[in-house]
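K.L.:
My structure is below; once you've seen it, I'll send some questions.
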Amino acid sequence: NYSTRVLDTVCGLSPWFYCTGFVLTYVVMLFKLWRVRGVLDGAVKMKVTVISLATTMGKVALFLLVDYLILTIWTIHDQLKWERTCNEYGEGGVCISSQGRCTGTDSAWIFVTPLAILHFGALLYAAWECYKIRKIPVSSIQI
């Protein structure tokens, strides 16, 4: 049986795991698309284009920094807590069925909203980069 303190810690870490996973999968892919489009645009124009890995990873690190800044403020202000509620009571008022979940106060939306906008914006930007890349005639580019 886990203590409430351990479960509170796990609840508090869950947004951090989500945001780190989002950045390491989708944001890295987004900036890789951005880098590929830059190189292919240069190739179409017969111009050497170099977009360094450091530039690309700097953009990823900046995105992660913004996420972590929001998460830090959220954790300090209103960390998620573990809450268990009883669904069914048996004889003598003993709980025989319960459900646990991570909960926050009503102010959690103040932190979830900017994260959702930031992440959804990144997905929209990735879709836009894919849309722009589709117009580049790959057959005319010799890489």
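K.L.:
For L71, which of the numbered conditions (1) within 29 Å of V50 (Cβ to Cβ); (2) open to solvent by less than 80 Å² (accessible area, probe 1.4 Å) fails to hold?
P.N.:
(1)
K.L.:
Still on this structure, please answer the following. Select from the stretch 53-68 the residues that are open to solvent by 50 Å² or more (accessible area, probe 1.4 Å) and hydroxyl-bearing (S, T, Y) and write down the one among them that is modelled with the highest pLDDT.
P.N.:
Here is the first cut: in the stretch 53-68, the residues open to solvent by 50 Å² or more (accessible area, probe 1.4 Å) are 53-55, 57, 59, 61-62, 65-66, 68.
Still in the running and hydroxyl-bearing (S, T, Y): 55, 68.
Numbers: T55: 89, Y68: 97.
This residue is Y68.
K.L.:
Answer yes or no: is there a residue in the stretch 106-114 that is of a type in the set (G, A, S), at pLDDT below 90 and under 17 Å from the mean Cα position of the chain (by Cα).
P.N.:
yes
K.L.:
Could you check the stretch 1-50 and list, in sequence order, the residues that are modelled with pLDDT under 85, in a loop (DSSP other than H, G, I, E, B) and of a type outside the set (A, V, I, L, M)?
P.N.:
N1, Y2, K45, K47, T49, listed by residue number.
K.L.:
Would you check which residues across the stretch 23-63 are more than 22 Å from C130 (Cβ to Cβ) and of a type outside the set (G, A, S) and list them?
P.N.:
Correct list: M46, K47, V48, V50.
K.L.:
May I ask you to list pairs of residues, at least six apart or on different chains, whose Cβ atoms are under 7 Å apart, with the first in the stretch 118-130 being free of Cβ contacts under 8 Å to residues at least 24 places away in the same chain and the second being part of a helix (DSSP H, G or I) and not aromatic (F, W, Y)?
P.N.:
As it stands, the answer is none, since no pair meets every condition given.
K.L.:
Restrict the check to the stretch 84-92 and report whether at least one residue is closer than 19 Å to F17 by Cβ, touching a strand residue (DSSP E or B) at 6+ places or on another chain (Cβ under 8 Å) and open to solvent by less than 60 Å² (accessible area, probe 1.4 Å).
P.N.:
No, that holds for no residue.
K.L.:
Right, another one. How about the stretch 73-102: which of its residues are within 17 Å of G12 (Cα to Cα) and either free of Cβ contacts under 8 Å to residues at least 40 places away in the same chain or part of a helix (DSSP H, G or I) (or both)?
P.N.:
Once the filter is applied, which keeps residues that are within 17 Å of G12 (Cα to Cα) and either free of Cβ contacts under 8 Å to residues at least 40 places away in the same chain or part of a helix (DSSP H, G or I) (or both), the stretch 73-102 yields I73, W74, T75, I76, H77, D78, E83, R84, R101.
K.L.:
A further question follows. If L40 meets every condition in (1) over 20 Å from the mean Cα position of the chain (by Cα); (2) under 24 Å from V112 (Cα atoms) apart from one, which number is that one?
P.N.:
Of (1) over 20 Å from the mean Cα position of the chain (by Cα); (2) under 24 Å from V112 (Cα atoms), only one is false for L40: (2).
The values are calculated or read from the model by the stated rules, or taken from the named source; none is laboratory data. Quantities reported herein were computed from a predicted structural model and do not represent experimental measurements. Quick reminder, even Gly has a Cβ in these numbers, built from the backbone with ideal geometry, and neighbours come from all protein chains shown. Ligands, DNA and RNA are excluded from the accessible area calculation, which covers all protein heavy atoms including side chains. Shrake-Rupley method; radii C 1.70, N 1.55, O 1.52, S 1.80 Å.
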